[in-house]
Amino acid sequence: MSDDHQGPIKLEYQPGLPLPRGKTIMWLFLATEIMFFAGLLGTYIVLRFGAPAWPFPHDVHLSEPLGAFNTFILICSSVTVVLSLEAARSHKPALAKSWLLLTLILGAVFLGVKAYEYKAKFSHGIYPQYPHGLVYEKADLAYAARVRKTLEAHQLRLSKFETPTEHEQKQLQVTDTLLRFFVRPAELTAAQSGGMQGQLELNRLAAAIRPLSDEMVVERKRLDHEKQELQKQRKTMDAKASPLEVLQVDGRLNAISLLDGADHGLNEKYSWLHLPIVIPGGNMWASTYFLLTGVHAIHVLVGLIVFALFLFVRLDVHRSEHIENIGLYWHFVDIVWIFLFPLLYLF
Amino acid sequence: MSEHADTEKSAAESGNHHGSNIKSYLMVFVALCVLTTASFFTYSDFWRDHFSLQAGWAFMMAISVTKAMLVVLFFMHLLYEAKWKYVLTVPTIFMSIFLVCMLIPDVGFRMSRISRERRHHMAVEPTDSSHAETPHSENGAEAIDRSKADH
């Protein structure tokens, strides 16, 4: 400004940062997002490493290859969105749009895999909250009572049918046997002895319903042993034994035979049972897993909506700034998953 | 500020580096894929024999940070940006790392201070209960608890 200029001072506009407004705002927004996810991850670290027990990935139906596949998908989508930006900058709208469409498809695949993973958890009773959640922290009397009540509810429901199908008859049979010769005796022993023996019974009950790691291998050996003992007993007692005793032995043998081939637990063999399961730390795991992946999935969904809207406009060089902004957001979503994947699947 | 002229200019600029840009993107993509596979290295027998579990966690986090840096520097173009990038990123990174570090003492706190209610619902009794608020529970059930607290 020269001195000979009279009158009011002319003000010159100086932008705060030497970059477009949209990009400034996007980076500021990402700054808040970084802190948002830092808070969530920090909370996860506290809850996880301050927890007395935490489930192994396989115990909660987490599949590492599936998680790695999703990581790969997101990395690919990051590349496609950046290629779309390059195409728009070099004024190739059709190419830009096809890269963006591919990004949209990859994002949708990510969400599809995520939905499949959620379903695998839900179908095994792993929810973050009651009443759907079947996860108990430890095998105690409350747990045994819950198992019994679930079976009793099955029994009541199945016995109400006037003309049950063969399938329903079989279900009723299984329920009766489990209730009379497996669950009630275990609960009773546990309640009466109170100490170690009771806890052992409860642990066996929980292992039969849903074994963790190699529990079933150990349990199998014990059951085979018990079976042989019972069969010996059965042979010697034929004529003069009381019918009640015979019934008891036969029933127990039946219950053991139900556990045959249930190496992944009764809940897997009879999927209609939906018995409560014991996963130490499982409830806290579910809370953190669904919160972290859920918040991330919402971010993916928002990105997909914006990509879908972009499909309706011409992606030439004037749009490249907009593509850059949504690209920045999308890369950030990718980065969050880069941290979530090892923390949730591999640790 | 004439945005139109600016975008034209940047278009012309990027047009010059177009080929090399795409090449660097593809190289970053390959690096990201390799690094993702590398985090599975901690599952190998070799790793289990030679390193601790905690070393594995540190390794995986190092890989994650490397991957994030690659994405930020190349895909988000931060490598090529002017100095404004420090204004926006440094305070944020500092604050988020600070936040996570501030939460770390809570890990120890949760392990050593246990309320009666939490103890009641807990999967495993802590082995060292000297700091616990309530006396040790009466039954010896934890000795044969089915969870592996030290996995």
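Only a single criterion out of (1) closer than 21 Å to residue A:343 by Cα; (2) among the hydroxyl-bearing types (Ser, Thr, Tyr); (3) open to solvent by 10 Å² or more (accessible area, probe 1.4 Å) is not satisfied by residue A:123, namely (1).
Within the range A:161-187, the set of residues being more than 29 Å from the chain's Cα centre (by Cα), among the hydrophobic types (A, V, I, L, M, F, W, C) and closer than 15 Å to residue A:139 by Cβ comprises A:182, A:186. Among the residues making up the range A:63-80, those that are open to solvent by less than 30 Å² (accessible area, probe 1.4 Å) and either facing chain B (nearest Cβ under 8 Å) or at pLDDT below 90 (or both) are A:64, A:68, A:71, A:75, A:76, A:78, A:79.
With B:107, B:100 as the choices, which residue is over 16 Å from residue A:328 (Cα atoms), surrounded by 13 or more Cβ atoms within 10 Å (Cβ to Cβ), under 15 Å from the mean Cα position of the chain (by Cα) and not assigned by TED's automatic domain parsing to the domain that holds residue B:39? I'd like the intermediate steps shown before the answer.
Numbers: B:107 fails: under 15 Å from the mean Cα position of the chain (by Cα).
So the residue among B:107, B:100 that is over 16 Å from residue A:328 (Cα atoms), surrounded by 13 or more Cβ atoms within 10 Å (Cβ to Cβ), under 15 Å from the mean Cα position of the chain (by Cα) and not assigned by TED's automatic domain parsing to the domain that holds residue B:39 is B:100.
Each residue in the range A:235-259 was checked for being of a type outside the set (Ser, Thr, Tyr) and either in contact with a His (Cβ under 9 Å, 6 or more places away or on another chain) or open to solvent by 60 Å² or more (accessible area, probe 1.4 Å) (or both), and 10 pass.
Of the listed requirements (1) under 26 Å from residue A:50 (Cβ atoms); (2) in contact (Cβ under 8 Å) with a residue 24 or more places away in the chain, residue B:75 misses just one: (1). Here residue A:314 meets each of (1) out of contact with any helix residue (DSSP H, G or I) (no Cβ under 7 Å at 6 or more places or on another chain); (2) not in a helix (DSSP H, G or I) with one exception, condition (1). Considering B:20, B:14, B:2, B:10, the condition of being modelled with pLDDT of 50 or more and open to solvent by less than 80 Å² (accessible area, probe 1.4 Å) is satisfied by B:20 alone.
Criterion first (open to solvent by 30 Å² or more (accessible area, probe 1.4 Å) and out of contact with any His (no Cβ under 9 Å at 6 or more places or on another chain)) does residue A:228 satisfy it? Judged against the criteria, residue A:228 is a match. Please work out which residue is most open to solvent (accessible area, probe 1.4 Å), limiting yourself to the range B:39-83 and to residues that are under 29 Å from residue A:83 (Cα atoms) and away from chain A (no Cβ under 11 Å). Taking the candidates together, the pick is B:80. Within the range A:285-343, being within 17 Å of residue A:102 (Cα to Cα) and β-branched (Val, Ile, Thr) holds for A:300, A:302, A:305, A:306, A:313, A:323, A:326, A:333.
Does the range B:119-144 hold any residues that are open to solvent by 40 Å² or more (accessible area, probe 1.4 Å), within 32 Å of the chain's Cα centre (by Cα) and either modelled with pLDDT under 70 or assigned by TED's automatic domain parsing to the domain that holds residue B:53 (or both), and which are they? Answer for the range B:119-144, where residues must be open to solvent by 40 Å² or more (accessible area, probe 1.4 Å), within 32 Å of the chain's Cα centre (by Cα) and either modelled with pLDDT under 70 or assigned by TED's automatic domain parsing to the domain that holds residue B:53 (or both): B:127, B:128, B:131.
What tally of residues in the range A:191-214 results from selecting those that are out of contact with any Phe, Trp or Tyr (no Cβ under 8 Å at 6 or more places or on another chain) and surrounded by fewer than 18 Cβ atoms within 10 Å (Cβ to Cβ)?
Step one: list which residues in the range A:191-214 are out of contact with any Phe, Trp or Tyr (no Cβ under 8 Å at 6 or more places or on another chain), which gives A:191-201, A:203-204, A:207, A:209-211, A:214.
Keeping just the survivors that are surrounded by fewer than 18 Cβ atoms within 10 Å (Cβ to Cβ) gives A:191-197, A:214.
Within the range A:191-214, residues that are out of contact with any Phe, Trp or Tyr (no Cβ under 8 Å at 6 or more places or on another chain) and surrounded by fewer than 18 Cβ atoms within 10 Å (Cβ to Cβ) number 8.
Only one of the numbered conditions (1) of a type outside the set (D, E, K, R); (2) modelled with pLDDT of 90 or more; (3) part of a loop (DSSP other than H, G, I, E, B); (4) under 32 Å from the mean Cα position of the chain (by Cα) is not met by residue A:101, and that is (3).
The values are calculated or read from the model by the stated rules, or taken from the named source; none is laboratory data. Just so we're clear, the structure is a prediction, and the values are computed from it rather than from any experiment. Don't worry about glycine lacking a Cβ; one is built from the backbone with ideal geometry, like all the others, and counts go over all protein chains shown. Remember, those area values only see protein heavy atoms, side chains included, never the ligands or the DNA or RNA. Shrake-Rupley method; radii C 1.70, N 1.55, O 1.52, S 1.80 Å.
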